[in-house]
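The values are calculated or read from the model by the stated rules, or taken from the named source; none is laboratory data. Source: prediction; values computed, not measured. FYI the Cβ positions are ideal-geometry reconstructions off the backbone, even for glycines, and counts take in every protein chain you see. With ligands, DNA and RNA removed, areas are computed over all heavy atoms of the protein, side chains included. Shrake-Rupley method; radii C 1.70, N 1.55, O 1.52, S 1.80 Å.
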Amino acid sequence: MALQGTAWDKDDIAPPPVAADPDAMLRRLADLALLPAALVSPQERSILDSLLASLVTRFDPVMRQRLAERLAPHSDAPRELALVLALDDIDIARPLLCEGQILKAGDLVHVVREGGPAHRLALAARKDLTSDIADALIEESDTALICRLLENGTAELSLRAIETLARRSAAEPELLAPLLTRPELTLRLAHQIFWWAPSPLRLEILSRFTAERRHIHNVLDEIPTSDFAFDPLLASALSVVRRPVPIDKGRLHQLLANAAADGIGVLTDGLAVMARLRAGTMFCILNDATGEPLSVFAKAAGLNRKEFGDLIVAAVDLRQSGLPGKGDLERMGELFDTISTDRADLALHCWDIGLANETRAPDGDD
């Protein structure tokens, strides 16, 4: 005899479960991951971080954007998830790139390498950008983006980066103006880029990167620096701090009077010896098309206005380039009148050392 109640009636079958909503489940897990650290153990947070990082692409773009906005202000947010979202479409990634607190410098360098131009542009404007991230941006980015980085006054640039950009500015003149605003730009590099900067920026360099050296001169007056003449390297270094010495006016007048007959080589060598400069530096000064170096040399050497005019005529005659235009002559005259002898002498010897170093530098990056 069959046992009663052992057979299942069709009415006793349980109804199928309601279909689960994966997005709702992920949202709940994300809410849990974003709870304050006091409410979720570090171990659970780490589990949730890895889980959500692997599945966040399941969210629609609107949800991912909201999640990125929620993550950005928190320094204890799930870091792995934040990094995935930082490499998402730029509209989603932007809050984390511009202000995300959880992402470390290494994470942001990774974004520079793996993200697109829009990601790098957002990072270039990030507040308090560290030098390692800036270095990576400079290596990976074009001129326009680097200008954006240079204009970010809160970014920190390494000396290596500034040196790289100073050299690049010779071929990328768009870098010059923002580069001159950077506090990291050194005296040496400013006088290096002087040679390819346009006239307005040249005048800015001469104004900002020269100085009266009275205190240094007072100290050196107590030391017989002539004793160091046997040490060429030390003598060259001291040239940027010693007092200006006027050149021999009799020799100057003789050189200028005979310039047409003797040629530019004799004039170059003669002026270089009197001013204690390298002949190569003097050649650059005489052959510069816009004339500011000639104004600086004339003032540092103690020339008067007439002697300066004679020097201009001799230089342009030997170059066979014709006299400068009225505007150029006015600019050269104004610079001659306004720059002090001490400032001019400093610029002159900064150029001499800088151009000598350029000459000695090996070709290429090897």
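Only one entry in A93, A124, A72 is among the hydrophobic types (A, V, I, L, M, F, W, C), within 20 Å of the chain's Cα centre (by Cα) and crowded, with 21+ Cβ neighbours inside 10 Å, namely A124.
Looking across T181, T210, one residue alone is of a type in the set (V, I, T) and open to solvent by 40 Å² or more (accessible area, probe 1.4 Å). It is T181.
Candidates D269, D221: the one that is open to solvent by 40 Å² or more (accessible area, probe 1.4 Å), modelled with pLDDT under 90 and either more than 36 Å from the chain's Cα centre (by Cα) or not small (G, A, S) (or both) is D221. Taken over the range 295-350, the criterion of being among the small types (G, A, S), within 32 Å of the chain's Cα centre (by Cα) and more than 20 Å from P200 (Cα to Cα) is satisfied by A300 alone. Figure legend. Inter-residue proximity from the range 47-66: first residues open to solvent by 70 Å² or more (accessible area, probe 1.4 Å), second residues of a type in the set (F, W, Y), beta-carbon distance below 9 Å, spacing 6+ or different chains. Indicated pairs: R66/F59.
Selection of the range 99-119 for residues being among the charged types (D, E, K, R) and open to solvent by less than 30 Å² (accessible area, probe 1.4 Å) yields only D107.
The sole residue among A261, A315, A237, A289 that is open to solvent by 80 Å² or more (accessible area, probe 1.4 Å), in a helix (DSSP H, G or I) and not hydroxyl-bearing (S, T, Y) is A261.
Counting only residues that are in contact (Cβ under 8 Å) with a residue 40 or more places away in the chain and under 18 Å from I353 (Cα atoms), the range 293-306 holds 5 of them. Taking every residue in the range 186-207 that is on the phi < 0 side of the Ramachandran plot and at pLDDT below 95 and pairing it with any residue that is open to solvent by 60 Å² or more (accessible area, probe 1.4 Å) and assigned to a helix (DSSP H, G or I), at least 6 positions away or on another chain, yields no pair with a Cβ-Cβ distance below 7 Å.
For every residue, the table says whether it meets (1) over 16 Å from the mean Cα position of the chain (by Cα); (2) closer than 30 Å to D310 by Cβ.
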{"position": "A161", "(1), (2)": "no, no"}
{"position": "L187", "(1), (2)": "no, no"}
{"position": "A190", "(1), (2)": "no, no"}
{"position": "S199", "(1), (2)": "yes, yes"}
{"position": "A237", "(1), (2)": "yes, no"}
{"position": "L255", "(1), (2)": "yes, yes"}
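Could we say that E140 is open to solvent by 50 Å² or more (accessible area, probe 1.4 Å), under 25 Å from Q101 (Cβ atoms) and either touching a residue at least 12 places away in the same chain (Cβ under 8 Å) or over 11 Å from the mean Cα position of the chain (by Cα) (or both) here? When the stated conditions are applied, E140 passes them. The lone criterion from (1) open to solvent by 80 Å² or more (accessible area, probe 1.4 Å); (2) modelled with pLDDT of 95 or more; (3) within 26 Å of A301 (Cβ to Cβ) left unmet by H215 is number (2). Regarding G327, is this residue modelled with pLDDT under 95, over 22 Å from P244 (Cβ atoms), small (G, A, S) and not in a helix (DSSP H, G or I)? In short, no. Whether a residue is within 30 Å of the chain's Cα centre (by Cα), at pLDDT 85 or above and surrounded by 14 or more Cβ atoms within 10 Å (Cβ to Cβ) was assessed, and L355 passes this test.
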